[in-house]
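Sending over a structure as structure tokens; questions will come in a sec.
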Amino acid sequence: MDGTRRQHTLTVDLEAKKLFLDGDFTYSRPTLETLHMRGTYGETALSVTLRHVAPSEFRLVNRGFHWISESPYNR
């Protein structure tokens, strides 16, 4: 990871439950909140689990915005 941006194309085959994102992945939905992907990216085998997070759970949204903080939030 060097900070450069790259563009990727996603193709989805719903019937075969496959994702093509610069690689070939199969996916499953164990629960409504999770997506599990397994496949290869280049020559690397990957197993990825994604979890849905409601926007209200993000710290930037639920904390509110302050132009000036009297004390650091992260301490």
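Among the candidates Leu32, Leu60, which residue alone is at pLDDT 85 or above and not in a strand (DSSP E or B)?
None of the others qualify; the one that does is Leu32.
Counting only residues that are over 15 Å from the mean Cα position of the chain (by Cα), hydroxyl-bearing (Ser, Thr, Tyr) and loosely packed, with under 10 Cβ neighbours inside 10 Å, how many does segment 32-49 have?
Residues flagged as over 15 Å from the mean Cα position of the chain (by Cα), hydroxyl-bearing (Ser, Thr, Tyr) and loosely packed, with under 10 Cβ neighbours inside 10 Å within segment 32-49 amount to 1.
Can you tell me how many residues in segment 35-52 are in a loop (DSSP other than H, G, I, E, B) and at pLDDT below 90?
2
What residue, among those in segment 2-19 that are in a strand (DSSP E or B) and of a type outside the set (S, T, N, Q), is surrounded by the most Cβ atoms within 10 Å (Cβ to Cβ)?
Leu19
Note down all Cβ pairs under 8 Å where the first residue falls in segment 40-63 and is more than 20 Å from Pro30 (Cβ to Cβ), the second is among the small types (Gly, Ala, Ser), and they're at least six residues apart or on different chains.
Here the result reads Thr40/Gly23; Tyr41/Gly23; Gly42/Gly23; Asn62/Ser56, each pair linking segment 40-63 to a residue that is among the small types (Gly, Ala, Ser).
The values are calculated or read from the model by the stated rules, or taken from the named source; none is laboratory data. The shown structure was predicted, so the numbers you read here are calculated from the model rather than taken from an experiment. With ideal geometry, Cβ positions are generated from the backbone for all residues, glycine too; neighbour counts draw on all protein chains shown.
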